[in-house]
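Structure first, commentary second.
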Amino acid sequence: MNSDILLHSQKRKNRSIKLVFLFGILLLLVFIISLNTGRYSITPIEVWHTLLGAGTKKQNLVLFELRLPRMIISVLIGAGLAVSGAVLQGISRNGLSDPGILGINAGAGLAVLLFVSMYPSTSLAPPFLMPFLALLGAGLTAILIYFLAYKKGQGITATRLLLTGIAVGAGISAATVILVLQLNPRNFEFVVTWQMGSLWGANWKFVLALLPWMIILLPYVYWKSKTMNILSMNEPISGGLGLEIHKERLALLAAAVGLAASSVATGGGIGFVGLLGPHIARRMVGPEHQYMLPLTAAVGALLVLVGDTIGRSIVANTEVPAGVIISLLGGPYFIYLLMRAKA
């Protein structure tokens, strides 16, 4: 019996490694395509020459100062949002959980908006300050949702968490609209574009501001993958296995909020990545988090990079925010999952 379990586990592990490798190749291919995509056309040969230091001044500017940081940010944000969604789904035992749907992204956005409304110029905003502001807003929102959804003796049910998150998110969105209407024209345009997921912080300063969050939190979440396997069970079983449920859940919730907040601060209001990434990965390798999380990060990174690449090329002489492209995919999928959950 034990040998069968070990064999099954090894097969899942091997499948996970192969799929992560496959998505890594797809990510590399899209990365190469994205380098050649935009208003200013650069051929693959010119890209190669530029990377080797033989490009023109304009090619160096476009490639190294505009496209490369934006693409790296796309990958980091995609991985962060997807893993954040996987954590929220795991600790709440709710397959519909997502930092956008639950209102966590809205809380982060409100904090950034309050800063923008008081700051004289968004272009001077310190990039290293933005993730902390977003974390503050997202953290307070998550705490509010957690305590409103928690019921003594029952814990947190999937339905109550989802409905509480939607209600809190709606309230924050209403407050956001009121604040947006009071902004000056320049900041108004910035906020509206940011809310659509514009990947606005597309320079190396924002890459450096986002990178530490991902380097610390992504490995931490993976380290807790087996804990999440236990938390995904019923609370009596989790408690019976000696797990400090409340403590572990809060720690993982904090990690999920940190990943979502830092991503939102840099990339704007990109939704549904935290929903699509874990669901796609779970269908491919199963629910065990030690196998599912690496694939979730790869799928999320690919989704945002593809969304940004399409957004930069779908309409001539303009850019469609990556968040809009991803929402076109995520919206129908969320409705499908919602209908399936009711069935």
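Below, the figures for the structure above:
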{"item": "Any chance GLY100 is surrounded by 14 or more Cβ atoms within 10 Å (Cβ to Cβ), in a loop (DSSP other than H, G, I, E, B), on the phi < 0 side of the Ramachandran plot and at pLDDT 80 or above", "result": "yes"}
{"item": "Within segment 282-311, considering residues that are more than 20 Å from ARG70 (Cβ to Cβ) and polar (S, T, N, Q), the one modelled with the highest pLDDT", "result": "THR296"}
{"item": "Enumeration of residues in segment 274-324 that are touching an Asp or Glu at 6+ places or on another chain (Cβ under 8 Å), closer than 17 Å to THR37 by Cβ and outside any loop (DSSP other than H, G, I, E, B)", "result": "GLY311, ALA322"}
{"item": "Boolean, LEU76 is without any contact (Cβ under 8 Å) to a residue 40 or more places away in the chain and under 21 Å from ALA322 (Cβ atoms)", "result": "no"}
{"item": "Tally, over segment 223-243, of residues that are at pLDDT 75 or above and either charged (D, E, K, R) or surrounded by 12 or more Cβ atoms within 10 Å (Cβ to Cβ) (or both)", "result": "9"}
{"item": "Residue match in segment 72-92 (condition: buried (at least 18 other Cβ atoms within 10 Å of the Cβ), among the small types (Gly, Ala, Ser) and in a loop (DSSP other than H, G, I, E, B))", "result": "no"}
{"item": "Which numbered condition GLU248 misses (of (1) surrounded by 19 or more Cβ atoms within 10 Å (Cβ to Cβ); (2) farther than 22 Å from GLY300 by Cβ; (3) modelled with pLDDT of 70 or more)", "result": "(1)"}
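The values are calculated or read from the model by the stated rules, or taken from the named source; none is laboratory data. Source: prediction; values computed, not measured. Note that each Cβ is placed from the backbone with ideal geometry, even for glycine, and that neighbours are counted across all protein chains shown.
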